[in-house]
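First comes the structure, then the notes that go with it.
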Amino acid sequence: MKKICLLALIFLMFTQCFNAHAESLLSESDKLDFQLKMKEYVCKIYYPDLRNTDPSLFKRDMENLQKNIVDKISKYPAYYREYIEFLNNNPSFSAAFISFSKSIQQKNKFEMLENQNKFTSYSLPKINNFRNQKYIPTLAEKMLFKYKFNSNYKDMRVGITKGNPETTQKYQKILQEFQQINDFETLKQKGPWVIAQSEEILTRNGEDLEYADQIDNLVLISGLCYVRLRLSSAWDGTDAPDIMKQVVKYIETVYDKAKVIRYKYYIGLTISKVNEGMGLYGEAFNFCFKMKNELIEKLSWDEKTDLLWKMASELAPKCPKDEIYMELGVSCYRLYIQEIDNDPNSEPQSKVIKKLQTLLYGVVEIYEIYEKYMKAIEVINEVISYPDCPDFIKSDAEAKKKILQELVKIKINVKFGNKFMGNDGWKVIDKPYKYIGAYIGDNIRLKVELETPPDVQINFDSINWYGENVSSGDQQINVTYENSGQKDVNLEITIFEKKITKIIKVYVIKKPTGMSDFDFLVNNPNESFKALAKNLISSPAASGQLEPSKWAAETYKNNGAHNGIQDAARHVYWNCLLVRYFGEDYAKGITDGHEVNTPSDLFTEVIMDLHNNEHGRQVARHVHNSGNDYSCCRDAVIKSISNGHPLYFDDLVNLSKDALLMPTNKK
């Protein structure tokens, strides 16, 4: 009995010492970062304007944040006190954290601490209003939380080095100064210091930061301060895509200046995360690809494999449906498979299983997404014939092969129709990058059909359409949009218990109204006289002799003078020149006014022209001032056409009402 008591006493002393030691490990930097995570979780629940509008992304955000907080509390008892203190100070938020206690591994310690603080999950108050809440996010925090969409690090507390105490203190100071920014005047006072100090830490030679998420915070808050200071005192629209893209561009400059490889790696992941948050998976993949080419041989095994896995499994399947992403995703999986042999912690048999599972559930899945079923079958045969392939993997591979062999026999067609095509008029959307054009309020018909050989009888197991203004399980649906923009209609079908997804793109605009181009010219005689002198406007009969028309015809010969690439280049170039000489308002008034009186049945042509007009005005904002305006705009337009930003018709022969729009770098 005495021995048992002695052991119990020793255990109690050990536990107290452990807790005291853990408490001592919780630095001010740790506390600040943990509080930031708690605040972010609260903000995304109770402040809807900080949420990502995509429900699936928002759900993933919350799951990642919750896991991050729970992991800290589970692994480091010192975080309990911070957790409870935050809830005691903000009781109106407590209901948001009820589910946390169920997820924490060390429940007995958590419950004991709850009892000590007289705060249990059973006594959490119901939330009826939030007027008395203590915590109100600063303007700076709101900005930060808007940009930190995805927490894709497996463990945000992964250490980089032991850290430098001086740098840790400076990091704390930067974070504290940033969180005190409540208005533009405070930003002007504190912002330049925050930017300078953050860059100084991120671009120095030594690995002075202790944790990966400190890098994530520094590049984001310095980027936000930098971009907002360059704009204006207006804080509206801090989540606007063009502002977010400017933040990314700033972070890219920090990436280029960073000297420490691991810093570059984590800065690059931040760039990828912000792009993912905007839904720009292609841009996220492209930057990770740049990192792979520059850093892959300098990274640790864990970092190298994490990057390859992220590109192959998380980004490539979500990128625009371009086969280049398919091939790059497959190549990343193949490189990942090669790296499995270098895993220092795996046994030979487990390495074999990991390789085969990557082939079967990774490479094959990418080929399936692109409906490259024969290539998928080739990979499955590679799995089945692999020496010592385990029976459970071979069984799965053979079952998947059987389904794909049936899918090879069929073709899934998605078709669209509109009021100008007649009730029986349908056209197949043969490429995923093609857009359906529509005016606000116009009805679009969509349907999905199976094309099979005469001797094959196959039906859909299920059909599900979803997206804005879309919710149906029917083979055919009607869609009408009440606001403009680029819309996605998502189609999920199941055949042989296998889900196949397709994305149908719709470009919706408001039918142009207002002043025609002629009326606009009359109302702006000074600018119009100068534009006439520069050969940028004329009578309709002489429009082919204008500078934009002549240059486009010469540069893009035999590429569609009407609704083709030449047409797109002409509109982009025309708007770029008008902006450079006379400003955006004049350029928009002239070029968009040209579309006002266009017949309704030419709506796709109007959508194409308005898109290219707007893109030309955007191009003008970024051209260099050196050289004459003509050459500046010409170079920018050529680059824009090659990048596929303007749109043109997919059918230049019929030019019918069923034309689809597609990027100028596609055929």
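A search for C-beta distances below 8 Å between a residue of region 407-432 that is touching a residue at least 60 places away in the same chain (Cβ under 8 Å) and closer than 17 Å to ASN490 by Cα and any residue that is part of a strand (DSSP E or B) and among the acidic types (Asp, Glu), counting only pairs 6+ apart in sequence or on different chains, returns ILE412/GLU449; ILE412/GLU451.
For the residues ILE493, ILE458, ILE500, the requirement of being surrounded by 18 or more Cβ atoms within 10 Å (Cβ to Cβ) and under 23 Å from LEU446 (Cα atoms) singles out ILE493. For region 173-191, residues that are in contact with a Lys or Arg (Cβ under 9 Å, 6 or more places away or on another chain) and modelled with pLDDT of 90 or more total 3.
Looking at region 611-622, can you tell me whether even one residue there is at pLDDT below 90, out of contact with any Ser or Thr (no Cβ under 7 Å at 6 or more places or on another chain), crowded, with 18+ Cβ neighbours inside 10 Å and of a type outside the set (S, T, N, Q)? Yes, region 611-622 contains a residue that is at pLDDT below 90, out of contact with any Ser or Thr (no Cβ under 7 Å at 6 or more places or on another chain), crowded, with 18+ Cβ neighbours inside 10 Å and of a type outside the set (S, T, N, Q).
The values are calculated or read from the model by the stated rules, or taken from the named source; none is laboratory data. Remember, it's a predicted structure, so these values are computed and weren't measured experimentally. Glycine also receives a Cβ, built like all others from the backbone with ideal geometry; neighbour counts cover every protein chain displayed.
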